[in-house]
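A.B. asks: Have a look at this one.
The values are calculated or read from the model by the stated rules, or taken from the named source; none is laboratory data. Keep in mind that what you see is a predicted model, and the values were worked out from it rather than measured. Every residue, glycine among them, receives a Cβ derived from its backbone with ideal geometry; neighbour counts consider all protein chains shown.
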Amino acid sequence: MVAAVRVHKVGGPEVLTYEDIPVPAPGPGQLHVKQHAIGVNFIDCYFRMGMYPANLPFVVGNEAAGEVVDVGPGVTEFKRGDRVAYVNGPACYAAERLVPAERAVKLPANIGYEQAAAMMLKGMTVAYLLRRTFKVEKGMNVLIHAAAGGVGLIFCQWANHLGANVIGTVGSKDKAALAHANGCHHTILYREEDFAARVKEITGGKLCEVVYDSIGKTTFPASLDCLRPLGTFVSFGSSSGQIDAFNINVLQAKGSLFATRPTLNTYAAKREDLLAIANDLFAVVGGGAVKIPVNQKYALRDAAKAHRDLESRATTGCSILVP
């Protein structure tokens, strides 16, 4: 039996139950991983609340890093003692678990467990959004909502590294300073300022080639007003609620815009794509262009507090659980 955090009924952070669960021997194509660190993400809250479907009861969590302690039949790419990280859930809030070998990646020697657990979901999300969904290039104007969050800080650093003019929305002056320190050239206090008007001012009326929006309901449709003709609106989260159905003709009216709602699962469905995205991330982190700020650590049994802090916007950078 190992410690885990499960949901028996959907709801608020109070439904997260710390308990012991069994871990069977690994089956064909599986790894038994002893977890060293577990990432905390908004998608975990979405599963907990029932916004994303899962069969009850389920273990929460979507990214982690640890050590392989056993391998199942047919596994040839990994062996006992390998250091691995992965995105595969919900199932990660546990001291040990079984992981499909095809979804795990070996960690480079210069990346630690805590750093890896904090960056796999967030960092690979940024990797595919910046390099595949819309390929950001030098000189482009890029708007990133929630620029001081876990994904946002990685976004700012990486987009800055690519030579973009990085504009970010934040909720406070402290968060503005944090975003600036991580490569964001211009910050907008969205609670005090009209962010679309400020984007127009910052860009001298040229607007942005792309907007990356993890907020959802409260930033739409104003995000579309930040885009130049033929610009791309990338919606990849909904922390303020889902975007309501809208008349697609608005994209025509605002300049023949493109809009997409991508997911990492689709972009990394094939193993070769998963490895390519992970290697892109390992390269920029290992080379020092992108640093992974682990600003909050919680014991596994304190997962409910981690969720409360995340949902109340009390966190910056990345949060992890330690079994």
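A.B. asks: Right, Val234: in the same structural domain as Val210 (by TED's automatic domain parsing) and modelled with pLDDT of 95 or more or not?
C.D. replies: Values: in the same structural domain as Val210 (by TED's automatic domain parsing): yes; modelled with pLDDT of 95 or more: yes.
It is true that Val234 is in the same structural domain as Val210 (by TED's automatic domain parsing) and modelled with pLDDT of 95 or more.
A.B. asks: With Ser238, Ser256 as the choices, which residue is surrounded by 16 or more Cβ atoms within 10 Å (Cβ to Cβ) and out of contact with any His (no Cβ under 8 Å at 6 or more places or on another chain)? Break it down into steps so the answer makes sense when it comes.
C.D. replies: Numbers: Ser256 fails: surrounded by 16 or more Cβ atoms within 10 Å (Cβ to Cβ).
Matching residue, one of Ser238, Ser256: Ser238.
A.B. asks: Would you confirm whether any residue within segment 82-104 is among the charged types (D, E, K, R), within 11 Å of the chain's Cα centre (by Cα) and in a helix (DSSP H, G or I)?
C.D. replies: Going residue by residue through segment 82-104, those that are among the charged types (D, E, K, R) are 82-83, 96-97, 102-103.
Filter again for within 11 Å of the chain's Cα centre (by Cα), leaving none.
Within segment 82-104, not a single residue is among the charged types (D, E, K, R), within 11 Å of the chain's Cα centre (by Cα) and in a helix (DSSP H, G or I).
Matching residues to (1) assigned by TED's automatic domain parsing to the domain that holds Gln242; (2) modelled with pLDDT under 95; (3) over 26 Å from Thr263 (Cβ atoms):
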site: Asp20; (1), (2), (3): no, no, yes
site: Gln30; (1), (2), (3): no, no, no
site: Ile43; (1), (2), (3): no, yes, no
site: Val69; (1), (2), (3): no, no, yes
site: Phe78; (1), (2), (3): no, no, no
site: Asp82; (1), (2), (3): no, no, yes
site: Gly89; (1), (2), (3): no, yes, no
site: Ala95; (1), (2), (3): no, no, yes
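A.B. asks: Could you please give the count of residues in segment 281-315 that are surrounded by fewer than 21 Cβ atoms within 10 Å (Cβ to Cβ), among the β-branched types (Val, Ile, Thr) and either in a loop (DSSP other than H, G, I, E, B) or in the same structural domain as Cys184 (by TED's automatic domain parsing) (or both)?
C.D. replies: Result for segment 281-315: 1.
A.B. asks: Would you mind stating whether Arg132 is out of contact with any Gly (no Cβ under 6 Å at 6 or more places or on another chain), outside the structural domain of Asp213 (by TED's automatic domain parsing) and not in a strand (DSSP E or B)?
C.D. replies: Values: out of contact with any Gly (no Cβ under 6 Å at 6 or more places or on another chain): yes; outside the structural domain of Asp213 (by TED's automatic domain parsing): yes; not in a strand (DSSP E or B): yes.
When the stated conditions are applied, Arg132 passes them.
A.B. asks: Looking only at segment 186-220, count how many residues are surrounded by 16 or more Cβ atoms within 10 Å (Cβ to Cβ) and at pLDDT below 95.
C.D. replies: Start the filter on segment 186-220 by keeping residues that are surrounded by 16 or more Cβ atoms within 10 Å (Cβ to Cβ), which leaves 186-188, 190, 195-196, 198-200, 202-203, 207-216, 219-220.
Right, trim to at pLDDT below 95 and you get 190, 214-216, 219-220.
So the count comes out to 6.
A.B. asks: Next question, about the same structure. Determine if segment 93-101 includes at least one residue that is closer than 21 Å to Pro28 by Cβ, surrounded by 18 or more Cβ atoms within 10 Å (Cβ to Cβ), among the β-branched types (Val, Ile, Thr) and without any contact (Cβ under 8 Å) to a residue 60 or more places away in the chain.
C.D. replies: no
A.B. asks: Going by the structure shown, is Ala85 more than 23 Å from Val151 (Cα to Cα) and either in contact (Cβ under 8 Å) with a residue 12 or more places away in the chain or in contact with a strand residue (DSSP E or B) (Cβ under 6 Å, 6 or more places away or on another chain) (or both)?
C.D. replies: no
A.B. asks: Looking at segment 105-119 only, could you name the residues that are in contact with a Leu (Cβ under 8 Å, 6 or more places away or on another chain) and in a helix (DSSP H, G or I)? Give the steps one after another, and end with the answer.
C.D. replies: If we filter segment 105-119 for residues that are in contact with a Leu (Cβ under 8 Å, 6 or more places away or on another chain), which is where we start, we get 105, 113, 116, 119.
Passing the criteria: Tyr113, Ala116, Met119.
Condition check ((1) surrounded by fewer than 24 Cβ atoms within 10 Å (Cβ to Cβ); (2) in the same structural domain as Glu19 (by TED's automatic domain parsing); (3) basic (Lys, Arg)) across all residues:
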{"site": "Ala85", "(1), (2), (3)": "no, yes, no"}
{"site": "Ala146", "(1), (2), (3)": "no, no, no"}
{"site": "Gly149", "(1), (2), (3)": "no, no, no"}
{"site": "Leu153", "(1), (2), (3)": "no, no, no"}
{"site": "Val170", "(1), (2), (3)": "no, no, no"}
{"site": "Lys175", "(1), (2), (3)": "yes, no, yes"}
{"site": "Ala181", "(1), (2), (3)": "yes, no, no"}
{"site": "Cys184", "(1), (2), (3)": "no, no, no"}
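A.B. asks: Right, here's the next one. Can you pull out the residues in segment 251-277 that are out of contact with any helix residue (DSSP H, G or I) (no Cβ under 8 Å at 6 or more places or on another chain), over 30 Å from Ala222 (Cα atoms) and not basic (Lys, Arg)?
C.D. replies: Step one: list which residues in segment 251-277 are out of contact with any helix residue (DSSP H, G or I) (no Cβ under 8 Å at 6 or more places or on another chain), which gives 252-253, 255-256, 261, 263, 265-266, 269-270, 272, 275-276.
Narrowing further to those that are over 30 Å from Ala222 (Cα atoms): 269-270, 272, 275-276.
Within segment 251-277, Ala269, Glu272, Leu275, Ala276 qualify.
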